[in-house]
1. Taking the condition touching a Leu at 6+ places or on another chain (Cβ under 7 Å) and among the β-branched types (V, I, T), does V542 pass?
2. Residues T253, T221: which one is loosely packed, with under 15 Cβ neighbours inside 10 Å, touching a residue at least 60 places away in the same chain (Cβ under 8 Å) and assigned to a strand (DSSP E or B)?
3. Residues that are more than 22 Å from K38 (Cβ to Cβ) and among the basic types (K, R): list the strands (runs of 3 or more DSSP E) wholly contained in segment 589-656 that include at least 2 such residues.
4. Working only within segment 481-516, note down all residues that are of a type in the set (V, I, T) and either under 16 Å from the mean Cα position of the chain (by Cα) or surrounded by fewer than 24 Cβ atoms within 10 Å (Cβ to Cβ) (or both).
5. Give segment 506-533 a look and list any residue that's under 16 Å from K485 (Cβ atoms) and in a helix (DSSP H, G or I), or say none.
6. What number goes with the only condition from (1) buried (at least 22 other Cβ atoms within 10 Å of the Cβ); (2) under 18 Å from V447 (Cβ atoms); (3) more than 29 Å from the chain's Cα centre (by Cα); (4) among the small types (G, A, S) that G639 does not pass?
7. From the set of residues in segment 58-83 that are at negative phi and free of Cβ contacts under 8 Å to residues at least 24 places away in the same chain, which is surrounded by the fewest Cβ atoms within 10 Å (Cβ to Cβ)?
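The values are calculated or read from the model by the stated rules, or taken from the named source; none is laboratory data. Since we're looking at a predicted model, the values are computed, not measured. Every residue, glycine among them, receives a Cβ derived from its backbone with ideal geometry; neighbour counts consider all protein chains shown.
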Amino acid sequence: MKHLFHIAALAIAALLLTACPDPEPGPDVPDGPDDSWKKQASTEKLSGITYQLNVYSFADSDGDGWGDIKGITQHLDYLDSLGATALWLSPIHEAMSYHGYNVNDYTSVSSKLGTEADLKDLITKARARNIAIYLDFVLNHSGSDNEWFKAAKADPTGPYHDYYVFSDNPTADMASGKIDNFAGATTPGMGSWFTFSGGDIGYKGRLHFKVDMGAHTVTVTQTADAVQNPNTSNPQCWLWCGGFSQHVGLYTTGTNVYEITIDVNTDWGFLVCTSTSWASGTKWGGNGKGLTFGVPYPLNNTTAADITFGGDASWYFASFDASMPDLNYGPYDKASESPAFKALASAADKWIKMGIGGLRLDAVIWIYQNQTAANVEFLRQWYDRCNSTWKSNGGQGDFYMVGEAWDEVPKVAPYFEGLPSIFNFSYWWTVKDRINKGRGDDFAATVKGFRDRFAGYRPDYIDAIKLSNHDEDRVGNDFGRDVAKEKLAAAVLLTSPGKPFVYQGEELGYWGNKGKGDEYVRTPIKWTRSGSVPSTSLGGKVDNTMLTAEISVEAQESDPASVLRVYRNFAKARNAWKALAKGEITPVTSPNSAVALWKMSYEDQTVLVAHNFGNGSAAFAVTGYTTDKMIVSNGMADGSTGLLSLGPYASAVFLQ
């Protein structure tokens, strides 16, 4: 029986190759007398698939160990074979770090990645393949080495001071609602205040720290006592001090009392932490005033400003870390009038006029500190400005823009009032949960529920669906490196309604987690069995045990059972069948709890989608639907007998 199913699967793949030609060599199977249904396949590029790539680790054109823009251009055929209609590039601007999210100059192309001429060439050659280029644009913050920020610190009365969130007394200013970018909130949803003034706020020498978490105070005393090594035996309290590269564990000396003597060398100060997690509420700091040695200093975990030594300081706010100071757009209802907004919009104009087709906006929830109404109004103004530039520059239709709002659907849905497209993290969390549980019967209804909620805020919404991305553990990890589950997730993504995003390396079955650093989920593409990868940008933090010859593009292109083949086959089907690419989902009652069933309809075309989320076979009749015209499949799948048969983790799509 397995042998017969294998023969059927090969025949189906051959039929698909006829309807959706593969750029690779393949059998030329002519239409038979009962193949007229294939004529409904489109010759357009319909899929809406966007490929997310890290420019610094995708492909290295000059051998310097950094991926670059020319490397992308050299591999456009590969991206085209994945059905890509757009490429989302990681930040390309001059920045402080390899990943580019602490931007120094929004109008530049990083010299490590290439030149403006390289970008123009990529835009032109991608457009020839009907592939648009999207840039990652960081609106929440700049880099601390940005000339704007340097000028803002140097001159409190200068024109750049209003570009950032500054305060001489954060506690008082927040309590009185003076921080515009908190949009009325008296505490930030995430982030900390950091000192930037000179003067006597740091310290070099030996100090004794006594933290009383019952009274929420810290007492710091100058001492000549012997230095203690950090406590590594289950400490309950830590210091984070300038000059140290890690949390310093204190010793418990009483109820809620923790102490240590250490040498410090800091130009800013310290924080008290009740966890090594950097989450809000675990950091305890001060209020902008310097401490006095020997006198208990009050701690709080709302402002959590750096505690300095003997001097008052000026402060700036950063949602993420000190190298990423938050930009200030003033009152949200007038954000477009702020100097920072105008400067960022001018930079975006440059790239839109150059020919980019969209922007991915980073961390949109934190622009106004998790205040939804304020963020939505800001994004509405930003989108309208960029869309106006797009249209005035001859752009067809509306400009594409997608926001990263990392939260569940109920919190994310209102953001569609500000932007046409938002990433749907709940979609991936649902895919992962249902596949790992082996349950598919409620999947279609869950996805439809997401979409119905989005439509309530924006009728023409674009649901940006995805599996993992550059900030998350890899799909391979989340499925325990079970390749069958990875293939199923790919098939589910590419048969779901919305705009699918495929992250660099997913199509090859990469795994990796963030435990040792984000670099391990930003792995370079291994193009050939024996070739090297651009790992210099990642500081050599690459899992070479994963990057074997057999996981390479070269190996997987010649393997009909590879993860890459699943992505390509389902991308071809999505590009060829308008109902699959543009249709709306309608759940179909499943007779098996492991099986997800839905139909997709667009204009005069309907397809039936079936996925087995379980590790056992399933066979059943599907009332009201025919299963004799299979468009694409993965795993053991057959519908020619009147029964729909699906092997473990198998998928199939049928034309109605």
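1. Answer is no for this residue.
2. Values: T253 fails: touching a residue at least 60 places away in the same chain (Cβ under 8 Å).
When all the criteria are applied, what remains is T221.
3. none
4. Correct list: V483, V502.
5. Selection gives E506, E507, L508.
6. Among (1) buried (at least 22 other Cβ atoms within 10 Å of the Cβ); (2) under 18 Å from V447 (Cβ atoms); (3) more than 29 Å from the chain's Cα centre (by Cα); (4) among the small types (G, A, S), the lone unmet condition for G639 is (2).
7. The residue in question is D62.
Okay, residues lined up against (1) surrounded by 22 or more Cβ atoms within 10 Å (Cβ to Cβ); (2) within 24 Å of F501 (Cα to Cα); (3) out of contact with any His (no Cβ under 7 Å at 6 or more places or on another chain):
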{"residue": "N544", "(1), (2), (3)": "no, no, yes"}
{"residue": "E554", "(1), (2), (3)": "no, yes, yes"}
{"residue": "A571", "(1), (2), (3)": "yes, yes, yes"}
{"residue": "L597", "(1), (2), (3)": "yes, yes, yes"}
